[in-house]
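Notes to accompany the following structure.
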Amino acid sequence: MATFDTIDDLPADSRVLVRLDLNSPIEDGEPQDNRRFERHARTVRELAEAGHRVVLMAHQGRPGRDDFTSLAGHAAILADHVDRDVAFVDDTYGEDAVAAVESLSAGEILLLENTRMCDDELPEASPEEKADTEFVRTLAPLFDAYVNDAYSAAHRKHASLVGFPLALPAYAGRVMETEYEANTAIARKEFDGPVTMVVGGTKATDVIGVMDALEGTVDRFLLGGVAGELFLRGAGHPVGHDLDGMDLFDDQWEANHEVVESILADRGDTIHLASDLAYEDDDGDRAEHTIAEIDEKTDAYLDVGSGTVEEYDPLIRESAAVFVKGALGVFEDERFSVGTVGVLEAIAETDCFSVVGGGDTSRAIEMYGMDEADFSHVSIAGGAYIRALTGEPLPAVELLEAAAES
Ligand SMILES: Nc1ncnc2c1ncn2[C@@H]1O[C@H](COP(=O)(O)OP(=O)(O)O)[C@@H](O)[C@H]1O
Ligand SMILES: O=C(OP(=O)(O)O)[C@H](O)COP(=O)(O)O
């Protein structure tokens, strides 16, 4: 059991600063509704109904990427889920933000602008350094308490996650409580049969970093997505290169190629790579290349091929447990959903213990008409949940535990 204080322990009529994780897929510049809104709405609604003044902080995307946007659209989606007004101010801790915080009445809710738009949020640093930023020193005195509900961002040492718990009494929100319980229980579970992890998505650095530490927990990895292309490149295939202004591959290759090469050399038998990949042909249709056919990368590969899905299917069906982190393709586009949906459907049809994680990936379940009840746990955390599997501590969670002890 976690040993942190929860929102049940908050003094009455508190002014609370709440960290959520509303990081969402962005399409045409707009955030897309997903489980993160629905799950965090519970914490926000409880706080407002209890009569606290509720100020919310969250991030969206990463500077330099297409998904780095304002949170204006997020406020509207959250309001629908909370069934109360959620005001928005396009400022994080400047004069406008401070004025909006100070004008809030009991039971009202305000969302501040994307924390990553202020320089103090990134990069990662110690809690002490982050607590000493202007961001934290300006906002903390306006509040009685800090609530962290962002389990899925708890692996990041950013100001909104590790600075405020040193400056204010700190509590866990409902999502923090439930994700912590579920993910630590999973980390302690033992399985009678093969344990498989499906690894994909765009955050290759996150997943490759922990794959090493999962030796002993995971018997085999089925790869796809950007992470899978980097492994194919490590195995000598000319894929995984950035095309036309994309920045998904080259930096992550530089950061990870040594680990990729050493995993392939030391434990290549546990790594299953795609045998074919899908791309968009000149007519805008899905087309596939076998890996053997690819001798020069001229296409952007957007999914694993149908042959790969056929090879992964029996490996999933004979597993005692399957963990999913990251999509095998750009499933948001139906043409490139074959890998992600094929793997999720195979998991849903078997009795294995299964966890699907990640804000983006877990969205494929409802997008393609699957039932959440067919999976043991659908986590809104991706990077945080795979770190929990390795037993690696999450800095923001450790600070909540320390706050409860003091
Ligand atoms: N080959 C690919 N090229 C570009 N994007 C991809 C590729 N394969 C998967 N993706 C994208 O990866 C995203 C999910 O990855 P990621 O953000 O790492 O995971 P999560 O948020 O689920 O933890 C999906 O939205 C999907 O569109
Ligand atoms: O979406 C998130 O993580 P995830 O993609 O691992 O689920 C979190 O909001 C963390 O975002 P970040 O990986 O840009 O720090």
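Within the range 141-152, can you find the residues that are hydrophobic (A, V, I, L, M, F, W, C), outside any loop (DSSP other than H, G, I, E, B) and either crowded, with 24+ Cβ neighbours inside 10 Å or out of contact with any His (no Cβ under 9 Å at 6 or more places or on another chain) (or both)?
Once the filter is applied, which keeps residues that are hydrophobic (A, V, I, L, M, F, W, C), outside any loop (DSSP other than H, G, I, E, B) and either crowded, with 24+ Cβ neighbours inside 10 Å or out of contact with any His (no Cβ under 9 Å at 6 or more places or on another chain) (or both), the range 141-152 yields LEU142, VAL147.
Hey, can you tell me all the residues within the range 379-394 that are among the hydrophobic types (A, V, I, L, M, F, W, C) and within 12 Å of ligand 2 (Cβ to nearest atom)?
ILE380, ALA381, ALA384, ILE386, ALA388, LEU394
Here's the yes/no breakdown for (1) within 16 Å of ligand 2 (Cβ to nearest atom); (2) modelled with pLDDT of 95 or more; (3) farther than 27 Å from GLY357 by Cβ; (4) surrounded by 18 or more Cβ atoms within 10 Å (Cβ to Cβ):
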| residue | (1), (2), (3), (4) |
| --- | --- |
| THR6 | no, yes, no, no |
| LEU10 | no, yes, yes, yes |
| ARG39 | yes, yes, no, yes |
| ARG65 | yes, no, no, no |
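Quick one: how many residues across the range 301-350 are within 12 Å of ligand 1 (Cβ to nearest atom) and of a type in the set (S, T, N, Q)?
Number of matching residues: 2.
Go through the range 384-400 and report how many residues are under 22 Å from ALA170 (Cβ atoms) and either open to solvent by less than 10 Å² (accessible area, probe 1.4 Å) or among the aliphatic types (A, V, I, L, M) (or both).
8
Please specify each residue of the range 67-85 satisfying the condition of being open to solvent by less than 20 Å² (accessible area, probe 1.4 Å) and part of a loop (DSSP other than H, G, I, E, B).
Within the range 67-85, LEU71 is the sole residue that qualifies.
Please state which of the following conditions GLU311 fails to meet, knowing it meets all the rest: (1) outside any loop (DSSP other than H, G, I, E, B); (2) within 25 Å of the chain's Cα centre (by Cα); (3) more than 16 Å from ligand 2 (Cβ to nearest atom).
Among (1) outside any loop (DSSP other than H, G, I, E, B); (2) within 25 Å of the chain's Cα centre (by Cα); (3) more than 16 Å from ligand 2 (Cβ to nearest atom), the lone unmet condition for GLU311 is (2).
Check every one of the strands (runs of 3 or more DSSP E) wholly within the range 156-255 and list those with 2 or more residues that are not assigned by TED's automatic domain parsing to the domain that holds ALA292.
Filter on the range 156-255 gives 170-172.
Condition (residue is within 16 Å of ligand 2 (Cβ to nearest atom) and free of Cβ contacts under 8 Å to residues at least 24 places away in the same chain) applied to the range 353-375: is it met by at least one residue?
yes
Condition (residue is under 14 Å from LYS325 (Cβ atoms), part of a helix (DSSP H, G or I) and in contact with a His (Cβ under 6 Å, 6 or more places away or on another chain)) applied to the range 384-397: is it met by at least one residue?
Yes: the range 384-397 contains one or more residues that are under 14 Å from LYS325 (Cβ atoms), part of a helix (DSSP H, G or I) and in contact with a His (Cβ under 6 Å, 6 or more places away or on another chain).
Does LEU277 satisfy the criteria of being outside any loop (DSSP other than H, G, I, E, B) and open to solvent by 20 Å² or more (accessible area, probe 1.4 Å)?
no
The values are calculated or read from the model by the stated rules, or taken from the named source; none is laboratory data. Just so it is clear, the structure is predicted and the values come from calculations on it, not from any experiment. Virtual Cβ from ideal backbone geometry, glycine too; neighbours counted across all protein chains shown. Quick note on the areas: whole protein, heavy atoms, side chains included, nothing else; ligands and nucleic acids left out. Shrake-Rupley method; radii C 1.70, N 1.55, O 1.52, S 1.80 Å.
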